[in-house]
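The structure appears right after this line, and notes come after that.
The values are calculated or read from the model by the stated rules, or taken from the named source; none is laboratory data. The shown structure was predicted, so the numbers you read here are calculated from the model rather than taken from an experiment. Note that each Cβ is placed from the backbone with ideal geometry, even for glycine, and that neighbours are counted across all protein chains shown. Heavy atoms of the whole protein, side chains included, go into the accessibility calculation; ligands, DNA and RNA do not. Shrake-Rupley method; radii C 1.70, N 1.55, O 1.52, S 1.80 Å.
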Amino acid sequence: MIAITAGSANAEVIYDQSREREIPVEISYPGDPAGCTPDTQCPVAFLSAGYGVPHTAYSFLVKQLNEQGYMVVAVGHELPGDPPLSVQGDLYQTRSENWSRGANTLAFLQKTLQSRYPSYDFNALLLVGHSNGGDISAWLANENKAYVKTVISLDHRRVPLPRNKDIGVLSIRASDFSADKGVLPSEQEQQHYGSCVVRIPQAKHNDMSDYGPPWLKERILSLVTSYLTGQPCSQIQQR
């Protein structure tokens with residue numbers, strides 16, 4: 001029996017035997033976990049950090065998602081024995097191993113945790129990722145897994161976001177770097193697929209975590225909340 005209390009968080013390491021890989025996670029629960037039952041499942045978000053940023057360094061966003069009823073699984077993707085993230089050559093090619101490995105980790109957690117937590121819906125996942133974590137999230141979403149419902153990226157730059165009417169997309173952009181060509185949906189594609197891209201003036205790529213300034217974290221939370229409560233992109237972009 002797993003003891004779950006309102007606002008609690010459990011840090012643990014989950015072992016993927018097939019890959020002989022230890023996966024650090026921190027699982028945080030919604031404010032009213034008693035309201036989550038097998039018949040009335042609560043939503044689930046997988047959160048993937050930017051490269052070099054601890055997976056526990058997004059507490060501002062985790063707290064907000066918990067308040068909106070989500071279980072949040074913050075995932076540590078980078079282990080000491082992993083190769084460093086490539087900085088040379090065609091980065092889409094040289095970093096693909098990292099993104100594929102991360103996507104496999106998320107897929108493993110989806111399968112493993114859904115049996116452990118029957119009161120939570122692991123078949124309609126929200127994937128949230130900052131920078132390289134956003135690339136990992138987009139990589140998994142592009143594999144057309146039926147259990148991926150929504151992707152929210154915080155200034156990821158390399159992996160194209162899904163063009164799929166069945167997957168909701170919000171990409172929150174900083175202002176100091178540009179995404180690679182084809183990563184972000186065009187305005188026409190946003191209208192066709194129902195995706196949404198919002199740029200925050202004066203926001204810095206590396207500040208989209210707990211380490212960033214309060215005004216930026218508040219802006220991110222406002223955009224995420226507006227999107228998850230169903231506001232149209234035209235209104236979200238004006239916030």
> Hey, can you list the DSSP H helices of the chain whose Cα span along the axis is 20 Å or longer and whose average Kyte-Doolittle score is at least -1.0?
Replying inline: 96-116, 214-228
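Compute, for region 102-199, the length of the dipole vector about the Cα centre, with Cβ point charges of +1 (Lys, Arg) and -1 (Asp, Glu) only. Units Debye, rounded to 20.
So the dipole magnitude of region 102-199 works out to roughly 160 debye.
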>> Just to be sure I understand the model, the point goes 7 Å from the Cα along the line to the Cβ. What's the resulting residue 116 to residue 13 distance in nm?
In response: 1.4 nm
> Which value in deg cm²/dmol, rounded to the nearest 500, describes the helix-derived mean residue ellipticity at 222 nm for the chain, given -39,500 (n - 2.57) per DSSP H run of n ≥ 4 and division by the residue count?
Replying inline: -8500 deg cm²/dmol
> Ignoring ligands, DNA and RNA, what accessible area per residue does the chain give at 1.4 Å, in Å²?
Replying inline: 47 Å²
> Along its principal axes, what span do the Cα atoms of region 1-156 show, with the longest given first and each in whole Å?
Replying inline: 50, 32, 28
>> Taking a ≥ b ≥ c as the square roots of the Cα gyration tensor eigenvalues, with a/c under 1.5 meaning rounded and otherwise prolate when a/b beats b/c, else oblate, which class fits region 106-150?
In response: prolate
>> Could you compute the longest span of the chain free of chymotrypsin sites (Phe, Trp or Tyr not before Pro) located in DSSP loops and having at most 14 other Cβ atoms within 10 Å, not counting the site residues?
In response: 1-176
> Pulled fully out, how much extra length does the chain show between residue 100 and residue 180, if you take 0.36 nm times their separation in residues and subtract their Cα-Cα distance?
Replying inline: 27.0 nm
> Placing +1 at every Lys and Arg Cβ and -1 at every Asp and Glu Cβ, with all other atoms neutral, what dipole size does the chain have around its Cα centre, in debye to the nearest 20?
Replying inline: 440 debye
> With no solvent and one point on each alpha carbon, what is the Debye value of log10 I(q)/I(0) for region 128-181 at q = 0.15, 0.19, 0.31 Å⁻¹?
Replying inline: -0.35, -0.55, -1.31
>> Roughly how far apart, in whole Å, are the Cα centres of region 184-239 and region 121-183?
In response: 13 Å
> What is the magnitude of the charge dipole of region 175-235 about its Cα centre, with +1 placed on the Cβ of each Lys and Arg, -1 on the Cβ of each Asp and Glu, and no other charges, expressed in debye to the nearest 20?
Replying inline: 80 debye
> Using a ≥ b ≥ c from the Cα gyration tensor of region 80-239 (square roots of the eigenvalues), is it rounded, prolate or oblate, where a/c under 1.5 gives rounded and otherwise the larger of a/b and b/c decides, a/b for prolate?
Replying inline: rounded
>> Suppose the chain between residue 51 and residue 86 were pulled fully straight at 0.36 nm per residue; how much longer would it get relative to their current alpha carbon spacing?
In response: 11.5 nm
>> So if the hydrodynamic radius of region 40-82 is defined as the Kirkwood radius over C-alpha pairs, what does Stokes-Einstein give as its diffusion coefficient at 20 °C and 1.002 mPa s, in µm² per second?
In response: 190 µm²/s
> What's the extension gain from residue 67 to residue 22 if we count 0.36 nm per residue and subtract their Cα-Cα distance?
Replying inline: 13.3 nm
> How many percent of the accessible area of the chain is carbon or sulfur, using a 1.4 Å probe?
Replying inline: 48 percent
>> Report for the chain the percent antiparallel among DSSP-assigned beta bridges with both residues inside it, nearest 5.
In response: 30 percent
